[in-house]
Amino acid sequence: MKNKKWKRSGALTVEASVLFGTLCIVMGILISLTIHVYRRAWYTAAACETVLTGSGRGVLKGTEGSALAQRKWEERKGDFFPEPEDFFSWAGGGEKNVQVQVQGSTVFWGCADLSFCLEKEMKILRPVTFVRQAAAWKEGGD
């Protein structure tokens, strides 16, 4: 058995090189898509945290909801690195709500852009006013 020479064809080597090259391309595509999904998820979470913080205006006396949201967004926006391509963000709102808008894109292998656009909005919470209105409604309803 030791002296027997094995004759192997080159087909196994060719098949392995094609399989390995295909596997590398597929893994690269999956990693690129994962980066895009991670960016979108991170900015979604940051936007939700910002509108939640800004909507607490009724609890935090003397603060403006939109100003508080802008401060929080500037703080959270600086935490993520690297910033997406064509990045645009806005945080603000009015008397009744707080809004955050985020737009950006992820370059996909240097040729295609995967873009995302997020908009989160939340009504400003005023628990004291709500409790007083509920108590007045309850007294008036009896």
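The values are calculated or read from the model by the stated rules, or taken from the named source; none is laboratory data. Owing to the predicted nature of the structure, the values given are computational and were not obtained by experimental measurement. Heads up, the Cβs are rebuilt from the backbone with ideal geometry, glycines too, and the neighbour counts pull from every protein chain shown. Calculation scope for accessible area: heavy atoms of the full protein, side chains included, ligands and nucleic acids excluded. Shrake-Rupley method; radii C 1.70, N 1.55, O 1.52, S 1.80 Å.
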Verdict on residue 50 being touching a residue at least 40 places away in the same chain (Cβ under 8 Å) and surrounded by fewer than 20 Cβ atoms within 10 Å (Cβ to Cβ): no
Which one is nearest to the chain's Cα centre (by Cα), of the residues in region 8-22 that are open to solvent by less than 100 Å² (accessible area, probe 1.4 Å) and of a type outside the set (Val, Ile, Thr)? 21
Condition first: modelled with pLDDT of 80 or more and not small (Gly, Ala, Ser). Now tell me which residues in region 54-76 satisfy that. 68, 70, 71, 72, 73, 74, 75, 76
Region 92-141 - residue that is within 14 Å of residue 53 (Cα to Cα) and under 13 Å from the mean Cα position of the chain (by Cα) and, of those, surrounded by the most Cβ atoms within 10 Å (Cβ to Cβ): 100
Report yes if some residue within region 118-128 is modelled with pLDDT of 85 or more and farther than 29 Å from residue 69 by Cβ; otherwise report no. no
